[in-house]
Amino acid sequence: MRKLLIGLIVIVVLLILIKKKNMTWRESILKAVYPVIMLPGKLFGGSQKGSLNQAHKTAPMNFYQLTVTLNNGQTISMEQFKGKQLLLVNTASACGYTGQYAELEELYKKYKDQLVIIGFPANDFKQQEQKNDDEIAEFCKVNYGVTFLLAKKSSVVKGAEQNPVFDWLSDAGKNGWNDQQPTWNFCKYLVNKEGILEAFFPQTVSPLDKSVIQLLVK
């Protein structure tokens, strides 16, 4: 009985430590367990490292013709990012991979002179982004210190409602080689300085993985 009581006390203390003021219980727990979720890939190597544009295929449709509506309602042209690399990521607030917000911010701060990161919040996978745009912006800023760009919430999977940017990213007829749509939250697409889609990385690959870094510094 005493051991059971001690165990319950330990659990309560851990829960108190895990719970973040500006997060739901689910969000707090997911943030705490994120390192565990990513551990197998770090120990044994990712089973899926993504896809590369090894043939250096160019895009039939000009990437810089695209626009993106930001979280604050402002619409900007991708053309303004010509000469910089872009990492485009579909995101969600209540996902096991939400901890990648912090890693994306770390990556952005280190390479922001040459790299633009845009997060695209979406509710496409298991209803894991139910916040509105204002709530998403607050969540990202308060809990992960996000300073990189956030797009207006949209759909990123193929269909009539797919965000035009992700339509380009997941259509080989437009980007030149890749038909892979996001498989889950926090999939990453890297567009190089010339507007060519260079790589796709699934959610299992950390933004700080060497396979990502190598493409940024080559």
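Only Lys, Arg, Asp and Glu count, each charged at its Cβ (+1, +1, -1, -1), so figure out the dipole size of the range 51-217 about its Cα centre, rounded to 20 debye.
Details: 16 positive and 18 negative charges, 63 e Å.
Around 300 debye, computed over the range 51-217.
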Seminar exercise, completed: Once Lys193 and Gln54 are pulled to full extension, the length gained, defined as 0.36 nm per residue separation minus their Cα-Cα distance, is 48.4 nm
Seminar exercise, completed: To the nearest 10 degrees, the tilt of helix 2-18 (Cα long axis) against the first principal axis of the alpha carbons of the chain is 30 degrees
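May I ask what percent, to the nearest 5, of DSSP beta bridges between residues of the chain are antiparallel? Present the calculation step by step, with values, prior to reporting the outcome.
Values: 14 of 24 bridges.
In the chain, DSSP labels about 60 percent of beta bridges as antiparallel.
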Problem set entry | Spatially proximal lysines relative to Lys174 (Cα-Cα < 26 Å; intrachain offsets below 8 disregarded) | Lys49, Lys57, Lys82, Lys84, Lys152, Lys153, Lys158, Lys188, Lys193, Lys218
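Work out the FRET efficiency for Lys112 and Glu161 from their Cβ-Cβ distance, taking R0 = 30 Å, and round it to the nearest 0.05.
Values: r = 31 Å, r/R0 = 1.04.
The value I calculate is 0.45.
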Seminar exercise, completed: Counting sequence-distant residues (5 or more places) and residues on other chains, those with an amide H built under 5 Å from that of Val146 are Lys141
Seminar exercise, completed: Which of Pro40, Pro182, Pro207 fluctuates most in a GNM of the chain (C-alpha springs under 10 Å)? That residue is Pro40
Problem set entry | q = 0.27 Å⁻¹, the range 149-218: log10 I(q)/I(0) [Debye, one scatterer per Cα] | -1.36
For this session: Round to the nearest 10 and give me the degree value, 0 to 90, for the angle of helix 100-111's Cα axis relative to the longest principal axis of the chain.
Result: 50 degrees
Exercise. Counting each DSSP H run of 4 or more residues in the chain as -39500 (n - 2.57), what helix-only mean residue ellipticity at 222 nm follows after dividing by all residues, to the nearest 500 deg cm²/dmol?
Worked result: -11000 deg cm²/dmol
Exercise. Amide H of Phe120: which non-local residues (sequence gap of 5 or more, or other chain) have their own amide H closer than 5 Å, using H built in the peptide plane?
Worked result: Val89, Asn90, Thr91, Ala151
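Express in nm, to one decimal, how much length is gained between Tyr64 and Lys84 on full extension, taking 0.36 nm for each residue of separation and deducting their alpha carbon distance.
Numbers: separation 20, 0.36 × 20 = 7.20 nm, distance 1.18 nm.
Contour length minus the Cα-Cα distance gives 6.0 nm.
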For this session: For helix 133-144, report the angle its Cα long axis makes with the longest principal axis of the Cα atoms of the chain; keep it between 0 and 90° and round to the nearest 10°.
Result: 60 degrees
Exercise. Using a Gaussian network model of the chain with C-alpha springs under 10 Å, which one of Gln74, Gln85, Gln181 is most mobile by mean-square fluctuation?
Worked result: Gln74
Problem set entry | Cut-off under 5 Å, modelled amide H: who pairs with Asn62 long-range | none
Problem set entry | Using θ = phi - 60° and Karplus 6.51 cos²θ - 1.76 cosθ + 1.60, couplings along the range 88-96 (whole Hz; Gly, Pro as x) | 10, 10, 7, 10, 7, 8, 10, 10, x
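Between beta-carbons, use under 9 Å as the cut-off and find the net charge around Thr147, counting Lys and Arg +1, Asp and Glu -1.
Details: positive: Lys109, Lys112, Lys141; negative: Glu105.
Its environment carries a net charge of +2.
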Seminar exercise, completed: One would report the Cα pair-distance distribution of the range 100-206, bin width 10 Å, in %, as 14, 45, 35, 6
For this session: In a Gaussian network model over the chain where Cα atoms closer than 10 Å are linked, find which of Val142, Val68, Val165 has the largest mean-square fluctuation.
Result: Val142
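Since every read-out is calculated from the coordinates, none of them should be taken as a lab result. Just so you know, these numbers come straight off a predicted model, no measurement behind them. Cβ: placed from backbone, ideal geometry, glycine included. Neighbour counts: every protein chain shown.
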